[in-house]
Protein chains: 2
Amino acid sequence: MSQSLGKALQILTRLGAGPATLDELAAAVGVHKTTVLRLLRTLADEHFVFRDGSHRYHLGARIHELSSRGLDQREVRGIAAPHLTTFNRAHGRTTHLSELAGTEVVYIDKLESHDHVRMASRIGLRAPVHSTAAGKVLVADLPVGELDVLLDALTFAKATPNTITDRAAFRAELTRVRAQGWARDREENEPSINCVGAPVRDASGRAVAAVSVSVPDIVMTYDRLLDLLPALLSVTERISRDCGWRPVEPRKGHPA
Amino acid sequence: MSQSLGKALQILTRLGAGPATLDELAAAVGVHKTTVLRLLRTLADEHFVFRDGSHRYHLGARIHELSSRGLDQREVRGIAAPHLTTFNRAHGRTTHLSELAGTEVVYIDKLESHDHVRMASRIGLRAPVHSTAAGKVLVADLPVGELDVLLDALTFAKATPNTITDRAAFRAELTRVRAQGWARDREENEPSINCVGAPVRDASGRAVAAVSVSVPDIVMTYDRLLDLLPALLSVTERISRDCGWRPVEPRKGHPA
DNA sequence: ACCGCCGTAGCGACATACGCAACGATGGTT
DNA sequence: AACCATCGTTGCGTATGTCGCTACGGCGGT
């Protein structure tokens, strides 16, 4: 663990919450302002931060550039984008594309709802797999060994009264997800927010991303949200096909 | 200049070019792999990078989160976004929103062209003020002292045969920009790319951002690009008004 | 003029970061 | 099974880079 790097990263993270002065950053990070200034100098030299005319430091252009490049490296995002735009245009609900990251999902794209109720999520945020629809579809088809390792690492943190906090119950939920091909989050991750998600698959059939639709209960009930399932399954199928996925053919001689 | 932080930032920048292994990063940064691993560990702990199953490190979720938050902190971006979306929908040309950053502009939003010719620019990239339309409008109205300081710092790097590389010529260009209220870049920044730009002003009348439209010559001639000027001036005026700007009223008793 | 705030420079001490060397884990081949 | 190559990791001693302190300069406001 590199001490000075860790401190610099804390500075960057603090600046994510808003611009700050040298003194504010020194207080936030807990080191002398000379030390902070040295770190800030280095960060500024590489354009990770900049200082305005009022003595405040801000996140700089390099962060945006790297994020933009990093997102471009996530292939599924580029493939999904036009499909999601069309879906969002048609349905107007907050839609996320996410990937699995350890025991969490990370949102790698977001399309805003068309109404005035906005969700506080954003690209780059992470959420636990066990309480999100996206998480469930991303882990449901993991090979047994991988799923066990993941479940071992999961803390099943209770986010709301509805959160699944029991390993056996979560396994049962994943069985259900596998059977129906989509997942739900009924106020399990955030109070008053329901969500449905479906997997995007690649050529190997593996779920490489999830598309999920989130709606506050006051805007749309869970039952109304289910009306979006056909469209959701349709768009994830289209994206999957563009990712090289092909449906498994029914085996001959066996019941469909 | 913090050595270990500098190295870590080099790692992040390298990963912007694509995923890399520990050995590749050690070679790129020029230090022992143990050192790189320590830095990567710290970066990974804070989610700035992650490692995939094939030994490769990638830029992580925190970069995207910080970028997203940092862009939200740029107020003019939020104000301009709906206007630019409408403008882009109507005209379908690559459109940038940029801010001044020292002797450079930094692109803080980008709307893609509707055709298949895409521009290599991206959010977070910087470009010199003297060879870009956006740069010209951002510095044209600077107070004299500020402009002098900026010009002193400018190297007038020659990007193309058309680049203005002479201080006096650039000053003359800025005089013209002030008079007409918009600026051009006739293959001054990149060969075969023309650009027009106009300022977004805040309540104080100061140019706080620029909207620019860039088009490759093969797609649209400079003269055709000029057809977009009325719409460009109109959208920048609308954004400016939303930023609190109000047109200066003609003085009474003087010619209009 | 004085004051407050911010940024900066120089210094010595020492803690942290460094590279080296060795080893463990993994996967592939024979 | 053994062997090999690659990657990641650990432990060590050392010296370099980082640290906080102190003092000072610059700037803006009164």
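The values are calculated or read from the model by the stated rules, or taken from the named source; none is laboratory data. If you're wondering where the values come from, they're calculated on a predicted model, not measured in any experiment. As a convention, Cβ positions derive from the backbone with ideal geometry for all residues, glycine included, and neighbour counts pool all protein chains shown. In case anyone asks, the SASA skips ligands and DNA or RNA and just uses the protein heavy atoms, side chains included. Shrake-Rupley method; radii C 1.70, N 1.55, O 1.52, S 1.80 Å.
Give me the percent of accessible area attributable to carbon and sulfur for the range B:3-61, probe 1.4 angstrom.
Working: 1310 of 2730 Å².
The nonpolar share, carbon plus sulfur, comes to 48 percent.
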Problem - Summed buried accessible surface, chains A and B, 1.4 Å probe, nearest 100 Å² - result: 4000
Handout entry: 10 Å-binned pair-distance histogram of the range A:74-242 (Cα, whole percent)
Key = 11, 44, 36, 9, 0
Exercise for the section: Work out the length of the dipole vector of chain A about its Cα centre, built from +1 on the beta-carbon of each Lys and Arg and -1 on the beta-carbon of each Asp and Glu, and round it to the nearest 20 debye. Expected result: 260
Exercise for the section: Could you give the size of the charge dipole of the protein assembly as shown about its Cα centre, using +1 on the Cβ of each K and R and -1 on the Cβ of each D and E, expressed in debye and rounded to the nearest 20? Expected result: 120
Practice task
Mark the label point 7 Å from the Cα of B:ASP115 along Cα→Cβ and return the residues of the range B:202-242 whose backbone N is within less than 16 Å of it.
Solution key: B:213-228
Handout entry: 13 Å beta-carbon shell around A:SER192, net charge (K/R +1, D/E -1)
Key = -4
Exercise for the section: Pairs of Cα atoms under 8 Å, at least six residues apart: use those to get the relative contact order of the range B:180-219, whole percent. Expected result: 35
Practice task
On the protein heavy atoms, probe 1.4 angstrom, tell me the percent of accessible surface of the range A:67-143 carried by carbon and sulfur.
Solution key: 51
Practice task
Note every residue of the range A:106-138 with a reduction of at least 30 square angstrom in accessible area, all protein chains present versus the isolated chain, computed with a 1.4 Å probe, or write none.
Solution key: A:ARG122, A:ILE123, A:GLY124, A:LEU125, A:ARG126
Completion exercise
Among A:GLY16, A:VAL36, A:PHE48, the residue whose Cα sits farthest towards the positive end of the charge dipole of the range A:3-60 (+1 at Cβ of Lys and Arg, -1 at Cβ of Asp and Glu, taken about the Cα centre) is A:VAL36
Practice task
Compute the separation of the alpha-carbon centres of the range B:118-156 and the range B:223-240 and state it in Å as a whole number.
Solution key: 20
Fill in the blank from the handout: Here the relative contact order (percent) of chain A, from C-alpha pairs under 8 Å and at least 6 apart, is 14
Practice task
Kindly tabulate the residues in the range A:35-55 with an accessible-area decrease of at least 30 Å² between the chain alone and the assembly of all protein chains, using a probe of 1.4 Å.
Solution key: A:THR42, A:GLU46, A:HIS47, A:PHE48
Problem - Relative contact order (%) - the range A:20-119, alpha-carbon pairs under 8 angstrom, separation at least six - result: 16
Completion exercise
What helix-only [θ] at 222 nm does chain B give? Using -39500 (n - 2.57) per DSSP H run of at least 4, over all residues, to the nearest 500, the answer is -14000 deg cm²/dmol
Handout entry: Per residue accessible area in Å² of the protein assembly as shown, where ligands, DNA and RNA are left out and the probe is 1.4 Å
Key = 47
Fill in the blank from the handout: Log entry: pair-distance distribution for the range B:18-95, C-alpha pairs binned every 5 Å from zero, whole % per bin is 3, 14, 16, 15, 11, 9, 9, 10, 9, 4, 1
